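Report on the structure given below.
The values are calculated or read from the model by the stated rules, or taken from the named source; none is laboratory data. Bear in mind the structure is a predicted one, so any value in this text is a computation, not a measurement. Using ideal geometry, Cβ is built from the backbone for each residue, glycine included, and neighbour counts are taken over all protein chains shown.
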Amino acid sequence: MVLNLKKPLCVFDLETTGTNISQDRIIEIAVIKVLPGGEVIEKSSLVNPTIPILPESTAIHGISNEAVKDKPTFKEIAKDYAKFFEGADLAGFNILKFDVPMLVEEFLRADIDFDYSRRRLIDAQKIYHLMEKRNLAAALKFYCNKELTNAHSAVADTQATLDVLIAQVGRYENQPVTDGLGNHLGTIQNDMEALHQLTASDLVDLAGRMVRSEKGEIIFNFGKHRGKPVAQVLKDEPSFYDWMMNGDFALDTKRRLTEIKLSGLKQR
């Protein structure tokens with residue numbers, strides 16, 4: 001099938017140092033530009049982000065600090081890419097929540113006003129989710145071939161969830177689980193500890209403000225200290241603890257932060 005295009009369509013994807021739009025940076029950009037006549041032009045670059053790439057991000061996309069240290073910064077290639085995107089609509093996977101905001105942010109840092117309001121934005125992930133539902137009713141139908149009646153009734157949803165979980169274990173038991181790079185994460189087992197390790201092992205507080213790194217260290221997952229060990233930040237900047245305790249954070253987050261602080265004090 002050929003796409004019906006009235007203007008060029010730039011399908012693009014970004015790899016970044018992390019997921020914080022205001023603080024993280026692009027380290028790879030790839031664009032496939034499809035012209036109305038069917039011609040396809042490809043363009044891609046590795047980018048020096050000028051800030052460290054977190055190990056957790058490298059584990060996902062495989063791009064290390066060493067790989068980009070001699071590459072141009074985004075500011076150095078921004079005009080070239082702005083020209084490449086000129087007059088084109090934009091498409092990608094999850095671009096509305098991440099790639100477009102990140103791209104616009106980087107262009108603004110390079111003093112380029114990249115006006116996305118005049119472009120059509122097509123998000124393949126949104127179409128995917130619209131057409132292939134990923135809610136409890138869809139899961140019950142897929143795994144159990146049952147229809148969910150009285151959806152959003154706590155009793156009905158609870159029974160459906162149990163049915164889905166049992167069916168998932170039955171379908172996937174002893175199958176390996178890998179991440180996007182093919183790294184082995186574990187195996188689906190009929191064992192709650194094993195399932196916990198696959199689904200929530202990095203969880204520290206329920207709001208996700210703190211997580212465990214690949215090394216098992218508790219690190220911040222937001223703000224200026226994102227990626228830094230919590231215990232070290234509390235030691236070096238005690239006022240950050242007070243700021244969080246007085247701020248609009250969940251009580252569970254404050255409780256876990258206090259536990260980490262007290263644990264550090266005991267070790268001194």
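Remark: pairs (first residue in the stretch 174-195, within 15 Å of Glu56 (Cα to Cα); second residue of a type in the set (D, E, K, R) and assigned to a loop (DSSP other than H, G, I, E, B); Cβ separation under 8 Å; 6+ apart in sequence or on different chains) = Leu185/Asp179.
Residues in the stretch 62-89 that are within 20 Å of the chain's Cα centre (by Cα) and buried (at least 16 other Cβ atoms within 10 Å of the Cβ): Ile63, Asn65. Of the set (1) more than 26 Å from the chain's Cα centre (by Cα); (2) closer than 30 Å to Tyr143 by Cα; (3) not hydroxyl-bearing (Ser, Thr, Tyr), all apply to Asp179 but (1). The one condition from (1) outside any strand (DSSP E or B); (2) at negative phi; (3) assigned by TED's automatic domain parsing to the domain that holds Leu90 that Gly38 does not meet is (2). Of the residues making up the stretch 158-169, those that are under 23 Å from Tyr128 (Cβ atoms) and either out of contact with any Phe, Trp or Tyr (no Cβ under 8 Å at 6 or more places or on another chain) or part of a loop (DSSP other than H, G, I, E, B) (or both) are Ala160, Thr161.
Against the test of being assigned to a helix (DSSP H, G or I) and of a type in the set (Asp, Glu), the options Asp99, Asp70 yield a single qualifying residue, Asp99.
Can Val100 be described as in contact with a strand residue (DSSP E or B) (Cβ under 6 Å, 6 or more places away or on another chain), buried (at least 16 other Cβ atoms within 10 Å of the Cβ) and in contact (Cβ under 8 Å) with a residue 12 or more places away in the chain? Taking the combined requirement at face value, the residue does not satisfy it.
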